[in-house]
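Undergrad: Attaching a single structure in structure tokens format; questions to follow.
The values are calculated or read from the model by the stated rules, or taken from the named source; none is laboratory data. The shown structure was predicted, so the numbers you read here are calculated from the model rather than taken from an experiment. Please note: Cβ atoms are built from the backbone with ideal geometry, for glycine as well, and neighbour counts cover all protein chains shown.
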Amino acid sequence: MTHKMELINLKKSYNSVKVLKNLNLNVNEGEFLVILGPSGEGKSTLLRTIVGIEPLDGGKVMVDGKDVTNKPPNKKNIAMVFQNYALYPNMTVYENIAFPLKMAGMNRTEIKTKVDDVAKLLKIEDVLNKNATRLSGGQKQRVAIARALVRKPALFLLDEPLSNLDARVRYTSRQELKRLQRELNYTFIYVTHDQLEASNLADRVAVLHDGVVEQIGTYNDLYEKPATKWVGDFIGAYPMNFIDGNVLDYPGKIIGFRSVWTANGDAIKAKINLIENSEGNYYVHCTSGDDNIVIKTKDQYSIGDDISFDLTRFNIYNDGILEDVKLIEDYKKEVP
């Protein structure tokens, strides 16, 4: 059975610093939801208040329509995997995984069956008798996940569990996590500042900023149609380009865009000051008046060249909020 969660007006402060400010979020059944944001935006705090490690100053945590806000962590049926894995160093892998079942009063036979099953699922059967301190980073991560999964929780929270792994292990671990979540049909809530993780793992991404959810949607939604200028500036290997709306006759507005085509375009003229080559594409950094622009193209240019281009589509922002999305064909129909 999959489970859903609703967060209603969550508030959390440390002294005078407000970390969560009336935060609202719905998590669907069986969803892999990624909570994304820069460091210091309250992502880990949000997970710790959901699971009950830290008390909320206000608001409600609802699981399947029931208020679990004030239940102690061991009564919420919500499992959490921490960034540092929090394994018991004086125990074997088997003992680490079995620990929550032992605390729940389960008999030895049932514990062994459950531990063996989850170890097989995570492919760590061969290290069950090893001490937890003798494992690699990737193995520790799997053990931490196994210890959480063995409880069969209603919801599964993960706080940057791959951040301590090297690039190759992170890549394989991402694939394993996605496979695991799909196979078990669990509801995963995953915190990260890594946009590659978010784009590869998430059904939906919730962008956390200044104590609230700034936008939620697929990663492609966030990339192509950021709801605010801040999201457009944050999402992507490069920020969305922002230029004065007067360039396209939208006075008082801001034009945001990513995609361009450069075949004899005349909408925007710029000068190239840097070129980056990445996997067959060129990222051309240029200036147009006071605006800095980065465009992705397969065309070859040189530093110092003048370039002109049209947009394939653009977003219109009014006071930092998305007002409209225009395709260039529609724009041309409006312009005599």
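Undergrad: Conditions: (1) within 26 Å of I50 (Cα to Cα); (2) buried (at least 18 other Cβ atoms within 10 Å of the Cβ). Q139 meets all but one. Number of the miss?
TA: Against the list (1) within 26 Å of I50 (Cα to Cα); (2) buried (at least 18 other Cβ atoms within 10 Å of the Cβ), Q139 comes up short only on (1).
Undergrad: Then there's this: Find the residue count for segment 181-225, including only residues that are under 23 Å from G59 (Cα atoms) and either outside the structural domain of K11 (by TED's automatic domain parsing) or aromatic (F, W, Y) (or both).
TA: Here the count works out to 2.
Undergrad: Next question, about the same structure. Can you name the residue in segment 142-176 that is assigned to a helix (DSSP H, G or I), hydrophobic (A, V, I, L, M, F, W, C) and touching a residue at least 40 places away in the same chain (Cβ under 8 Å) and, of all such residues, is surrounded by the most Cβ atoms within 10 Å (Cβ to Cβ)?
TA: Only one residue tops the list, namely V143.
Undergrad: In contact (Cβ under 8 Å) with a residue 60 or more places away in the chain and over 21 Å from A154 (Cα atoms): does that describe L20?
TA: So L20 fits the description; yes.
Undergrad: Looking at N273, N281, N318, N277 in this structure, which one is surrounded by fewer than 16 Cβ atoms within 10 Å (Cβ to Cβ), outside the structural domain of K18 (by TED's automatic domain parsing), touching a His at 6+ places or on another chain (Cβ under 9 Å) and at negative phi?
TA: Going through N273, N281, N318, N277 in turn, the sole match is N273.
Undergrad: Any residue at all in segment 131-146 that's within 30 Å of K11 (Cβ to Cβ), at pLDDT 85 or above and assigned by TED's automatic domain parsing to the domain that holds M80?
TA: yes
Undergrad: Given the condition within 28 Å of the chain's Cα centre (by Cα), within 21 Å of L184 (Cβ to Cβ) and assigned to a loop (DSSP other than H, G, I, E, B), answer yes or no: does some residue in segment 96-114 qualify?
TA: no
Undergrad: Condition check: modelled with pLDDT of 90 or more and among the charged types (D, E, K, R). Does D319 satisfy that?
TA: The answer is yes for D319.
Undergrad: For residues that are buried (at least 19 other Cβ atoms within 10 Å of the Cβ) and charged (D, E, K, R), tally how many sit in segment 177-203.
TA: Summing the residues that are buried (at least 19 other Cβ atoms within 10 Å of the Cβ) and charged (D, E, K, R) in segment 177-203 gives 1.
Undergrad: Here is a follow-up. May I ask you to verify whether V61 is under 19 Å from I8 (Cβ atoms), assigned by TED's automatic domain parsing to the domain that holds V150 and touching a residue at least 12 places away in the same chain (Cβ under 8 Å)?
TA: In short, yes.
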